[in-house]
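A short worksheet on the structure shown next.
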Amino acid sequence: MMVVFFRNFLGLIVLAPFFIRHGLVPLRTKRIGLHWVRAGLNLFAMAAFYIGLSLTPLAEATALAFTAPLFAVLLAICFLGEKVGLRRWTAIAIGFTGALVILRPGLEAVEVGALAVLSSAIIWSGTLIVIKVLSRTDSSLTITAYMALLLAVLSLPIALFYWQTPSFAQFLLLTLIAITGTLGQYTLVEALSGADAQVVMPLDFMRLLWTALLGFLLFQEVPDIFVFLGAAMVVASATYVAVRERSKA
């Protein structure tokens, strides 16, 4: 929870140049209630992901996290009344099959870390729906700024309960998390608003290659063949769903 707090509190500092340029204009919104809903969901999603990440190899955690867009489609059907054709249902089924290939329930004991990451993906899918609704009226900067501000407020009381003053080295790492996390989310939202999904999503899924490489170099983690096979299925299905969403739009 301390990581969650610092990731968002320091994220506000990362966004400071935008506020110096635009003043408080990015904080103007008529949907503050939805921003609170998004922050509440994001709090649980981020905490679950960090817990899972501490217990699960990087490549496996990243692959499971990519199921979030698939869960988001299911939620869009329930709450936004969106209609899904046979091809997207097939893509969703392939994606969830890929998640099962990674987890292999029944063949191996499903690890707590993997379940935490999958839970994070499910909760994050709800966040994606809220972001989709917010993006109709609010800018990428407004959505990102309120995420950092409200998450810092929500996570602070819990972080204080588990508080341990970070060392200088830990503080540098927390700062790095805040910089990469905040700018990464902002640039992804900007990319999706300015380019076709079929161009953006394959590049976004390159995260899986980077995390697999970093996991090997930094932590000597070697994903097995099932992780790569399941990841390929999840990535392919999520990419197809994103392309179909953009084509319909």
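A few comments on the model shown:
- Our analysis of region 43-106 gives Rg over Rh at 1.04, with the two radii drawn from alpha carbon positions and Rh computed by the Kirkwood formula.
- Note on Ile179/Leu55: beta-carbon distance plugged into 1/(1 + (r/R0)^6) with R0 of 25 Å gives a FRET efficiency of 0.50.
- Anisotropy class of region 38-153 from Cα gyration tensor, a/c 1.5 cut: oblate
- With each label modelled as a point 7 angstrom along the Cα→C-beta vector, the Gln164-Trp36 pair spans 3.4 nm.
- If R0 is taken as 35 Å, the Cβ-Cβ distance between Phe18 and Cys78 corresponds to a FRET efficiency of 0.50.
- Region 127-176 - Rg and Dmax from Cα coordinates, angstrom: 14.9, 42
- Taken as entire DSSP H runs, the helices of the chain that both span 18 Å or more between Cα atoms along their own long axis and average 1.0 or more on the Kyte-Doolittle scale are 32-55, 86-103, 112-134, 140-161, 168-194, 225-248.
- When Cα extents along the principal axes in Å is computed from the coordinates, the matching label among [x] 49, 44, 28; [y] 88, 45, 38; [z] 54, 38, 34 is [x].
Throughout, read-outs are computed from the coordinates displayed, never taken from laboratory work. Just so it is clear, the structure is predicted and the values come from calculations on it, not from any experiment. Every residue, glycine among them, receives a Cβ derived from its backbone with ideal geometry; neighbour counts consider all protein chains shown.
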